[in-house]
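The values are calculated or read from the model by the stated rules, or taken from the named source; none is laboratory data. Treat the numbers as computed from the prediction; the structure is a model and nothing was measured. Don't worry about glycine lacking a Cβ; one is built from the backbone with ideal geometry, like all the others, and counts go over all protein chains shown. These area figures cover heavy atoms from the full protein model, side chains too; ligands, DNA and RNA do not enter into them. Shrake-Rupley method; radii C 1.70, N 1.55, O 1.52, S 1.80 Å.
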Amino acid sequence: MKILEAIELKKIYKKNVAVKGISFHLNQGEILGFLGPNGAGKTTTISMIASLIPPTKGDILLNGKTILTNPKPLRKILGVVPQEIALYPELTALENLRFFGKIYGLKGNKLEKRVEKVLEIVGLEERAKEKIEHYSGGMKRRINIGAALLHQPEILIMDEPTVGIDPQSRNHILDTVKKLAENGMTILYTSHYMEEVEYLCDRIYIMDAGAIIAEGTKNELKAIVSKNDRIVMKIDRYDKEFDSALKSIPEVEGVTFNNEMFTIIYKKGSNLLGNIFRLAEEYQINILSIDVKTPSLEDVFLQLTGRGLRD
């Protein structure tokens, strides 16, 4: 059942078209993923969805009714976790949560119970009386999420909530998102980390340069590259001419280079390894490792755009 729907949303800042007339919907109880690189338009999109900024064109429907003229019904049931930390660093976690709880209209015993519950959800009960300025980046992210949960929202929007944090906090946040969805919350989750979206999301929209370029379940999106295979190859040094030579092979659909690794998408059944070794010898490149893998969501993005998610 559709709970939230965007229809031909467009946002223009002067001459810059940040979002190019996109349409999508969020089903009740699902985790919907928005996958795309930085600058794809994800944050602008969810800012419109959250009624923080108005669209230049288009409409947003909550249970079939527009919220553009009256966003109050949506705001009552919506929690937003912004990409930037929205906390007061000189206050403790407890003081921050009490402050934001009061903004949501909570008070007295109800406020204290919700603060206690939220601290339990984010796993920071024992650190509640420490000032935010003494927290690690991951702990700040977790309290940032907690602040959005105080009023028990039906819909939660999370904008890249794991950027720049340690692996332990990242895993805790991902597990928290899973548990929230299992308890009936509807979640819109944006990320440029393919593995997060693949782990969490029921359906996925891939976004680039302000447009939705693909949508579907993980398996439906991977079907886009089902006729292809992927080679991941580590080399001793990057060579621009070697890169160009790989891209010129007729069977190759896409090539990207990141962290000393080439990822090459190519048509199934192609005898590509011989060509790769020949080119490596020609350009005096030492291949340190080479592995043939099944396609991933990152490969879908690579095939559709010709570049990697984090290029």
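Using just the alpha carbons, could you tell me how many Å³ per residue the convex hull of the stretch 1-115 encloses? Before the final figure, lay out the partial values.
Values: hull volume 16.6 nm³, N = 115.
Taking the convex hull of the Cα positions in the stretch 1-115, it is 145 Å³ per residue.
Give the Kirkwood hydrodynamic radius (Å, one decimal) of the stretch 76-228, defined as one over the mean of 1/r across all pairs of different Cα atoms.
On the way: mean 1/r = 0.0607 Å⁻¹.
Result for the stretch 76-228, one decimal place: 16.5 Å.
Please tell me the relative contact order of the stretch 111-161 in percent, rounded to the nearest whole number, where contacts are Cα pairs under 8 Å and at least six residues apart.
Values: 22 pairs, mean separation 22.0, N = 51.
Here the relative contact order equals 43 percent.
Quickly estimate the mean residue ellipticity at 222 nm for the chain, helices only: each DSSP H run with n ≥ 4 gives -39500 (n - 2.57), and the total goes over all residues, rounded to 500. Show your work: numbers first, answer last.
Numbers: 11 runs with 109 residues, N = 311.
When only DSSP H runs of four or more count, the value is -10500 deg cm²/dmol.
Ignoring ligands, DNA and RNA, what percent of the accessible area of the stretch 9-108 is carbon or sulfur (1.4 Å)? The partial results should precede the final answer.
Numbers: 2830 of 5120 Å².
Here carbon and sulfur together make up 55 percent of the probe-accessible area.
Please get the size of the charge dipole for the stretch 178-236, origin at its Cα centre, with Cβ charges of +1 on Lys and Arg and -1 on Asp and Glu, quoted in debye to the nearest 20. Let's see the in-between values first.
Working: 8 positive and 10 negative charges, 24 e Å.
Here the stretch 178-236 has a charge dipole of around 120 debye.
To the nearest 20 Debye, how big is the dipole of the stretch 141-257 about its Cα centre, given +1 on the beta carbon of each Lys and Arg and -1 on that of each Asp and Glu?
Values: 14 positive and 20 negative charges, 46 e Å.
It comes to approximately 220 debye.
Counting only C-alpha contacts under 8 Å and six or more residues apart, can you give the relative contact order of the chain as a whole percent?
Numbers: 581 pairs, mean separation 60.7, N = 311.
This gives 20 percent for the chain.
Report, please, the projected area of the chain averaged over directions, based on the convex hull of its C-alpha atoms, in nm². The partial results should precede the final answer.
Numbers: hull surface 74.0 nm².
Reported value for the Cα convex hull: 18.5 nm².
Check the straight Cα-Cα distances from Lys110 and name the lysines below 30 Å, setting aside those fewer than 8 residues away within the same chain.
Lys72, Lys76, Lys102, Lys129, Lys131, Lys140, Lys178, Lys179
Over the stretch 138-286, what percent of the accessible surface lies on carbon and sulfur atoms, probe 1.4 Å?
On the way: 2900 of 6570 Å².
Solvent-exposed carbon and sulfur of the stretch 138-286 make up 44 percent of the total.
Between the stretch 4-39 and the stretch 210-266, how many Å separate their Cα centres?
Cα centres, the stretch 4-39 to the stretch 210-266: 26 Å.
The stretch 55-100: which GluC sites (Glu not before Pro) are DSSP loop and have at most 14 other beta-carbon atoms within 10 angstrom? Each step should come with its number before you reach the end.
Values: sites: Glu84, Glu90, Glu95; in loops: Glu84, Glu90.
Passing both the DSSP loop test and the Cβ count: Glu84, Glu90.
Normalised by the residues of the stretch 191-311, what does the relative contact order come to in percent, with Cα pairs under 8 Å and at least six apart?
Details: 184 pairs, mean separation 37.8, N = 121.
Rounded, it is 31 percent for the stretch 191-311.
To the nearest 20 Debye, how big is the dipole of the stretch 198-309 about its Cα centre, given +1 on the beta carbon of each Lys and Arg and -1 on that of each Asp and Glu? Intermediate results must be reported in sequence, preceding the final value.
Details: 14 positive and 18 negative charges, 43 e Å.
Its charge dipole is roughly 200 debye.
At 1.4 Å probe radius, can you tell me the per residue accessible area of the chain in Å²?
Values: 15280 Å² over 311 residues.
Per residue, the chain has an accessible area of 49 Å².
Out of the GluC sites (Glu not before Pro) in the stretch 272-310, which ones are loop residues according to DSSP with at most 13 other C-beta atoms within 10 Å? Write out the running numbers ahead of the final one.
Details: sites: Glu281, Glu282, Glu298; in loops: none.
Of the GluC sites (Glu not before Pro), not one in the loops of the stretch 272-310 has a Cβ with at most 13 other Cβ atoms within 10 Å.
Rank Phe277, Thr190, His172 by how far each Cα sits towards the positive end of the charge dipole of the chain (+1 on Lys, Arg Cβ; -1 on Asp, Glu Cβ) and give me just the farthest.
Thr190
Could you pull out every one of the lysines with an alpha carbon less than 28 Å from that of Lys227, ignoring same-chain neighbours closer than 8 positions?
Result set, ordered by chain and number: Lys218, Lys240, Lys247, Lys267, Lys268, Lys293.
Sorted by mean Cβ packing within 10 Å, highest first, what order do the peptides 55-64, 73-82, 138-147 take?
On the way: 55-64: 16.2, 73-82: 18.6, 138-147: 22.9.
Highest-to-lowest ranking by the protection proxy: 138-147, 73-82, 55-64.
Which loop-located chymotrypsin sites (Phe, Trp or Tyr not before Pro) does the stretch 181-260 contain, where loop means any DSSP state but H, G, I, E or B and the Cβ has at most 12 other Cβ atoms within 10 Å?
Values: sites: Tyr189, Tyr193, Tyr199, Tyr205, Tyr238, Phe242, Phe257; in loops: Tyr193, Tyr238.
Taking the stretch 181-260 and a limit of 12 other Cβ atoms within 10 Å, the loop chymotrypsin sites (Phe, Trp or Tyr not before Pro) found are Tyr238.
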